[in-house]
Amino acid sequence: MRRTDRQVNDPVKIREIIEACHCCRLGFNDNGKVYIVPLNFGYEETENKKYLYFHGALQGRKVELIKREGQAGFEMDTGYKLNAAKEACGYAAAFQSIIGAGNVCMLEETEEKIHALRCIMSHNIGKSDWEFPLEAVKKTAVFRLEITELSCKEHK
């Protein structure tokens, strides 16, 4: 990171920023072209590992890329505010952002999928004790990104 004065290293602060984000953009390499998709997500830390969970349709470009590539980059941000100035070059944006990469895979086991869906619901609305109809779970693609790289930045 070039601007180390804006770098956030505190794990508690990083988790707070992730919790404040509502959209995670996944980026894939599609035969040399970039494919980016915005998604709602869930987050979990277990056994010194960090995971992002997502869901969607069972078919489509995103699913094909997950199965083919097995890797994705991601970005999330929150707290954007434009700070005005008298001169154009004096304008600056306040923000908090996280970027990273990881290994992404489809979850196949029903219990893994339900766990991931509960993480997504918990992140988005604060409640995790949901029940999911098995037919709906079978018809839903659920995937997990294990974070291998993460950097966090904040500008006030």
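The numbers here are math on the coordinates, done by the rules we state, and not lab data. All values derive from a computational prediction rather than experimental measurement. Quick reminder, even Gly has a Cβ in these numbers, built from the backbone with ideal geometry, and neighbours come from all protein chains shown.
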Notebook entry, point to check: Pick from Ala101, Ala72, Ala136: which residue has the top mean-square fluctuation in a GNM of the chain where Cα pairs under 10 Å get a spring?
Noted result: Ala136
Next item on the list: Run down the aspartates and glutamates and flag those whose C-alpha is under 12 Å from the C-alpha of Lys62, throwing out any fewer than 8 positions away in its chain.
Entry: Asp30
Margin query: Quick check for me: using +1 on Lys/Arg Cβ and -1 on Asp/Glu Cβ, what's the dipole size of the chain about its Cα centre, in debye to the nearest 20?
Written below: 620
Item checked: 222 nm mean residue ellipticity, helices alone, for the chain (DSSP H n ≥ 4; -39,500 (n - 2.57); rounded to 500) -> -7500 deg cm²/dmol
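For the chain, which longest stretch is free of loop sites, where a loop site is one of the GluC sites (Glu not before Pro) that DSSP puts outside H, G, I, E and B and that has at most 10 other Cβ atoms within 10 Å?
1-46
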Checklist line | ³J(HN,Hα), Karplus 6.51/-1.76/1.60, whole Hz, each residue of segment 37-48, x for Gly, Pro | finding: 9, x, 9, 7, 7, x, 9, 8, 10, 9, 6, 6
Next item on the list: Enumerate the lysines that Lys153 could reach by cross-link, defined here as Cα to Cα under 19 Å, with residues fewer than 8 away along the same chain left out.
Entry: Lys13, Lys50, Lys81
Check: Pick from Lys33, Lys86, Lys113: which residue has the top mean-square fluctuation in a GNM of the chain where Cα pairs under 10 Å get a spring?
Finding: Lys86
Margin query: Just to be sure I understand: with springs between alpha-carbon atoms less than 10 Å apart, which residue in Gly126, Gly60, Gly32 has the highest mean-square fluctuation in the Gaussian network model of the chain?
Written below: Gly32
Notebook entry, point to check: Which one of Leu52, Val34, Asn9 has its Cα pushed farthest toward the positive end of the charge dipole of the chain, where Lys and Arg give +1 and Asp and Glu give -1 at the Cβ?
Noted result: Val34
Next item on the list: With θ set to phi - 60°, apply the Karplus curve 6.51 cos²θ - 1.76 cosθ + 1.60 along segment 74-85 and write out the HN-Hα couplings as whole Hz, x wherever there is a Gly or Pro.
Entry: 8, 8, 9, 8, 7, x, 5, 8, 7, 9, 6, 8
Next item on the list: At a Cα cut-off below 16 Å, give the aspartates and glutamates reachable from Lys113, other chains included and same-chain residues fewer than 8 away excluded.
Entry: Glu44, Asp129, Glu131, Glu135, Glu146
Notebook entry, point to check: Taking a ≥ b ≥ c as the square roots of the eigenvalues of the Cα gyration tensor of segment 96-156, is the shape rounded (a/c under 1.5), prolate (a/b larger than b/c) or oblate?
Noted result: oblate
